[in-house]
1. How much length is gained on full extension from R111 to V87, taking 0.36 nm per residue of separation minus their Cα-Cα distance?
2. Under 10 Å, Cα contacts only: if you run a Gaussian network model on the chain, which one of I22, I147, I186 comes out with the highest mean-square fluctuation?
3. In terms of modelled amide H atoms, which long-range or inter-chain residues lie less than 5 Å from the amide H of R52?
4. In the chain, what percent of the accessible surface is made up of carbon and sulfur (1.4 Å probe, ligands and nucleic acids excluded)?
5. If R0 is 30 Å, what FRET efficiency do you get for H120 and E42 from their C-beta distance, rounded to 0.05?
6. May I ask you to derive the FRET efficiency for E58 and R4 from their Cβ-Cβ distance with R0 = 25 Å, giving the value to the nearest 0.05?
7. Which one, P71, P158, P43, has the greatest fluctuation when you compute a Gaussian network model over the chain with C-alpha springs under 10 angstrom?
8. Using modelled backbone amide H atoms (1.01 Å from N, in-plane), which distant-in-sequence or interchain residues come within less than 5 Å of T59's amide H?
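The values are calculated or read from the model by the stated rules, or taken from the named source; none is laboratory data. This structure is a prediction, so every number in the text was calculated from the model and none was measured. Reconstructed Cβ throughout: ideal geometry from the backbone, glycine too, with neighbour counts over all protein chains shown. Side chains are part of the model used for accessible areas, which takes the heavy atoms of the whole protein and leaves out ligands, DNA and RNA. Shrake-Rupley method; radii C 1.70, N 1.55, O 1.52, S 1.80 Å.
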Amino acid sequence: MHVRVRLFAALRERAGSGSVDIELPEGARLRDVWPLLGLGDEPEGLLFAVNREYAASETPLFQGDEVAVIPPVSGGAFRLSETPLSVEGAVAEVRADDAGAIATFVGTTRRRSRDREVLHLEYEAYEGMAEAEMKRIATELRERHDIIDVAIHHRIGPVEIGETSVVIAISAAHRAPALDACREAIDTLKQTVPLWKKELYVGGEEWIGQGS
């Protein structure tokens, strides 16, 4: 059976392509995909998705499935944007008459990182799955916190020094749940959304791993 495999970030560069078509026998499972890619040993922390949903290694595969091989993730949003983000725009999306507080988080590109002079960043996302994962985060935030609304916007493509890479805005009747949910949103986003960051610095470049 025919399966298309999507690759991202460092794996895409290693393979020289963002997608690979492979043939698998009937009854194959997700764990059978990696050995056919010819990319060496399986990296630690690798995740997989089938048809844009995270999946376990024993998940059965079928003709026409799309498999995504996801390196440890960094960074993600309801909205992915190749153009500069607006904090005011995110705040406007969550503003409500019942809101007594709007908490925001703004992530920006700093000039120095790990004792290196950064030139700029580049973000890459698994579009479609990234937005769906952000919506899932927002749903869980509403279930755990007494909040009104959530907005998450993230840049993709090149982001220059000083520019905004992510904006999160959360409204609630009171400040405590808004602040708590905002902190949880950025921490969860860094762990689960399929979004990657390449750091280009003086003398080289590097894909930055999970939680950066």
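1. 6.5 nm is the gain from fully extending R111 to V87.
2. I22
3. A68
4. In the chain, the share of accessible area belonging to carbon and sulfur is 46 percent.
5. About 0.45, to the nearest 0.05.
6. E between E58 and R4, to the nearest 0.05, is 0.80.
7. P43
8. L30, R31
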